[in-house]
Amino acid sequence: MIDWHIVCDFDGTITPTDVIDNVLQRFADPSWETIEQQWLDGHIGSRECLSRQLALIKATPAELLAYFDSVEIDPDFPDFVDHVIGLGASLEVVSDGIEQGIARILSRNYVTLLPILANRLRQVDQNSWRIDFPYSSDACRAASGNCKCKSTPRNKRVLVIGDGQSDMCVASTADFVFAKSRLAEHCQRNQIPYARFDTFAELPALLAKLPQGIAANTTSFNSSSDNQELFHHV
């Protein structure tokens, strides 16, 4: 795995729920849902979506931290991180979510050494906020707050792990995808090589298949029955 770089989403992938959606449900004016639908329908990018939504939040720092401290992660994710590092692959958490929340949640679960590329929450006054986008790109095709394609190195094969819309653009350029939910459906529709998963406990077995069945930038697979069962390719 030493020649693989893993781009792993956070909200809905490492966590069972979407952290930003939960923050908005708790602390924002209900009009955030209209903005969300505009993003889901493709009328705006996530950068505009998040800027407008985060401006609707009214919460103190203590209230936000208390929520972040209530968020659970997939219990097998820390072991997955250790497994990946032991194999020699590189791994980054790349998210269109909030860096401070991701770092706090992972640290509480003893995951402290992973690079985190995400948007940054900034306090405007006692209970108002804005969001900054240090990893955005004017050239981003999806107009994302965090252009995940920027995080993919050119000298390694790229594995994307994700679940939703913010992962779709980078999935189209990856060598392989481990997908949940809407991302799996997107990969199926668009003939992107992927394996569906539900928990990180399943991923070590899937990782073991990658060097056998996939060459960089190709969609061909090993013809063994195991690979036919594990991998989806249309």
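Here, each number is a calculation from the coordinates, and none is a lab measurement. Owing to the predicted nature of the structure, the values given are computational and were not obtained by experimental measurement. Note: ideal-geometry Cβ built from the backbone for every residue, glycine included; neighbour counts use all protein chains shown.
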TODO: Could you work out the relative contact order of the chain, using alpha carbon pairs under 8 angstrom and six or more residues apart, expressed as a whole percent?
DONE: 21
TODO: Just tell me which lysines come within less than 19 Å, Cα to Cα, of LYS180; anything on the same chain fewer than 8 places away is out.
DONE: LYS148, LYS209
Task: the range 81-184 - charge dipole about Cα centre, Lys and Arg +1 at Cβ, Asp and Glu -1, debye rounded to 20 - done: 100
TODO: Using 0.36 nm per residue of separation minus the Cα-Cα distance, give me the extension gain between ASN190 and ASP41 in nm, one decimal.
DONE: 51.9 nm
Open item on the list: Tell me which of ALA205, SER172, VAL71 sits at the most positive position along the dipole axis of the chain, charges placed on C-beta atoms (Lys, Arg +1; Asp, Glu -1).
Closed with: SER172
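What number, rounded to the nearest 500 deg cm²/dmol, is the helix-based mean residue ellipticity at 222 nm of the chain, given -39500 (n - 2.57) per DSSP H run of at least four residues and division by all its residues? Write down the numbers at each step before the final one.
Numbers: 10 runs with 86 residues, N = 234.
Per the formula, -10000 deg cm²/dmol.
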Task: In the range 76-182, trypsin sites (Lys or Arg not before Pro) in a DSSP loop with at most 15 other beta-carbon atoms within 10 Å - done: ARG141, ARG154
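Work the Kirkwood hydrodynamic radius out for the chain: mean of 1/r over every pair of different alpha-carbon atoms, inverted, in Å. If you can, show how the numbers build up before the last one.
On the way: mean 1/r = 0.0548 Å⁻¹.
After inverting the pairwise mean of 1/r, the radius is 18.2 Å.
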Open item on the list: If you average the C-alpha positions of the range 86-114 and of the range 1-45 separately, how far apart do those two centres end up, in angstrom?
Closed with: 16
Task: Rg over Rh, two decimals, the range 108-184 (C-alpha only, Kirkwood Rh) - done: 1.03
TODO: Report the FRET efficiency, 1/(1 + (r/R0)^6), for ILE85 and ARG108, where r is their Cβ-Cβ distance and R0 is 35 Å, rounded to 0.05.
DONE: 0.95
Open item on the list: Would any residue of the range 89-127 have its amide N under 17 Å from a label point 7 Å out along Cα→Cβ of ASP69? List them or say none.
Closed with: 100-110
TODO: Please report, in debye to the nearest 20, how large the charge dipole of the range 4-230 is about its Cα centre when each Lys and Arg carries +1 at its beta carbon and each Asp and Glu carries -1 there.
DONE: 720
